[in-house]
Every structure is written in structure tokens, then in C-alpha cells.
Amino acid sequence: MDKILCTICARGGSKGVKNKNLKKINGIPLIVRAIKQANSLKIFENIVISTDSKKMENLAIRNNVFSIGLRKKSLSGDSIPKIDAIRDAVRLSENLLNKKFDIIVDLDVSSPLRSNQDIKKAIRNFFRTKSDNLITVCEARKNPYYNMLELNSEGKIKKVKKSKVKITSRQSAPKVFEMNASFYIWKKNILFSNSPFYRKKTLLYEMPFIRSIDIDSIHDFNLVESLLKANEKK
């Protein structure tokens with residue numbers, strides 16, 4: 001039986017929305033929403049928090065999440081890739097818990113609209129297809145084959161992506177996706193490889209845009225807050 005570790009990464013500082021991971025919707029901080037969802041799934045061997053914030057660490061512990069200790073400063077800056085923090089969390093978890101994990105699932109705190117069914121179905125698909133890793137996506141709202149432009153070195157306008165056939169509408173363009181960063185799944189050895197994202201056996205899990213909003217600005221937060229309140233009212 002594969003042992004699945006769930007990581008929840010949440011820095012204390014954020015530029016787009018101040019103290020984003022601690023902001024409340026219907027009285028529940030975003031960090032706690034992610035934790036409660038992870039606990040409710042009942043499919044993880046362990047759930048761990050990776051944070052540089054003592055307040056978030058305490059919230060996690062009170063909600064039955066294992067703390068690996070506060071994240072070191074070298075992994076807490078704005079420019080540090082999240083995957084470095086995930087790898088660090090896995091190494092510390094295995095050492096502190098004295099066990100080895102086979103699969104890593106990272107739930108993003110900034111994507112509270114994903115459903116439990118999204119996660120369960122993605123994990124089933126991951127195992128069924130014997131994939132190396134899984135990335136969540138939604139259909140891109142702009143298509144590089146049709147209505148996205150760039151300037152070349154001479155300052156001239158051109159389409160981002162060329163096509164051998166003439167494309168006259170967005171519907172006739174090849175379907176493209178945007179990563180929504182809702183959650184990721186890896187085999188542990190793939191997570192620690194040199195190419196942990198885009199591989200021959202990378203699986204895409206498509207979600208509708210309405211569940212794909214990643215909070216990166218106060219506008220995103222207000223939209224997600226409105227949607228969550230409407231859902232929870234039902």
C-alpha cells in the first residue's frame with residue numbers, strides 16, 4: 001500500500017494580498033480551510049505544514065497537522081521556488097516521523113475552491129495511469145494560436161504561437177491549458193529528480209475555471225470569498 005504524504009506550504013509574507021494565508025472567509029482562515037480539507041479526505045498517511053510563521057504553525061498543530069518546525073530563512077523568500085520548500089518538507093517529515101513515503105500531494109492554500117472530488121478523482125487517475133506526476137489545469141481563457149500577441153526583436157506584432165492551418169476563431173484553435181496550481185501529485189523519486197514537472201508520464205487533471213481561481217490579488221480574494229460564501233450558504 002502506497003504511503004501518501006500531504007504537504008501544505010504557507011509563507012507568512014505575501015505581496016499581492018497582505019497576510020493572505022491567514023485571511024478569513026466566513027470566519028475560517030485560508031490555511032485552516034486547506035488543513036480541514038486535507039483531514040476530511042482521510043487518504044493521507046500524514047499531513048505536514050511547511051511555514052515560516054509561528055501563528056500558522058500553531059493553527060496547523062491545533063488542527064491535527066504535524067509540524068516539521070519553522071521553515072528556514074533560505075526557503076522563505078519571495079523568489080524561492082515552492083518545490084524547494086516541498087522537498088525540504090518531505091525530507092524533514094521522513095526523518096522526524098521515521099517513515100518513508102511513496103507519493104506526495106501538495107495542496108495549495110490559495111486555491112480553496114477545489115473540491116474533495118477533484119482531489120480524489122485526480123489521485124485515482126494518477127494511480128490508474130501509473131503516471132510520474134500530476135498537474136492541475138483549466139482551459140486557458142486566451143489562446144496563443146488565436147488571440148495572444150507578442151512583440152519580436154524589431155518591435156513588430158506577431159502571434160505567440162504559429163499554426164500550419166489558418167485559424168479564424170478561438171473554437172477552431174488547438175485547445176490549450178493554463179496551470180491553476182490547485183494541487184500537485186508526485187511519485188517521491190520524481191519530485192526529487194531534475195525534471196519534476198514536465199515528463200513523458202505527466203498527467204493533466206482538468207478543472208473548470210470556477211474551481212481554478214488562485215488568489216493572487218485582492219480582486220481574486222473578493223471573487224473567491226463571494227463564491228465560497230454562496231456555496232456554503234447552499
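Values for this structure:
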{"item": "Residues with amide H under 5 Å from that of residue 148, placed H, sequence gap 5 or more", "result": "143, 160"}
{"item": "Part-to-part distance (alpha-carbon centres) for the stretch 119-138 and the stretch 20-78, which is given in Å", "result": "23 Å"}
{"item": "Choice from 193, 14, 111 showing the highest fluctuation, given a GNM over the chain with Cα pairs closer than 10 Å", "result": "193"}
{"item": "Spatially proximal lysines relative to residue 166 (Cα-Cα < 27 Å; intrachain offsets below 8 disregarded)", "result": "142, 156, 158, 175"}
{"item": "Phi-based couplings in Hz for the stretch 188-193 (Karplus 6.51, -1.76, 1.60; Gly and Pro marked x)", "result": "4, 5, 6, 4, 8, 7"}
{"item": "P(r) tail fraction, the stretch 72-116 - alpha-carbon pairs more than 17 Å apart, %", "result": "47 percent"}
{"item": "Alpha-carbon Debye profile of the stretch 125-232, log10 I(q)/I(0) at 0.10, 0.13 Å⁻¹", "result": "-0.45, -0.73"}
{"item": "Net charge over other residues, Cβ less than 14 angstrom from the Cβ of residue 190 (K, R count +1; D, E count -1)", "result": "+3"}
{"item": "Helix runs (DSSP H) in the chain reaching 15 Å along axis by Cα, Kyte-Doolittle at least -0.5", "result": "30-41, 82-97, 218-233"}
{"item": "Residue pairs, from the table 18/42; 121/188; 23/130; 36/99; 24/99; 121/201, whose Cα atoms sit over 29 Å apart", "result": "18/42; 23/130; 24/99"}
{"item": "Three-way shape call for the chain based on the alpha-carbon gyration tensor, with the a/c threshold at 1.5", "result": "prolate"}
{"item": "Cut-off under 5 Å, modelled amide H: who pairs with residue 203 long-range", "result": "132, 133, 134, 135"}
{"item": "Modelled FRET efficiency - R0 25 Å, residue 200 with residue 67, Cβ distances, 0.05 increments", "result": "0.10"}
{"item": "Value at 222 nm in deg cm²/dmol, rounded to 500, when DSSP H runs of n ≥ 4 in the chain each add -39,500 (n - 2.57)", "result": "-9000 deg cm²/dmol"}
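Quick note: the coordinates plus some simple rules give every number you see, no bench work behind them. Note that this is a predicted model, so its numbers are computed, not measured. Here the Cβ is made from the backbone with ideal geometry for all residues, glycine too, and neighbour counts use every protein chain on show.
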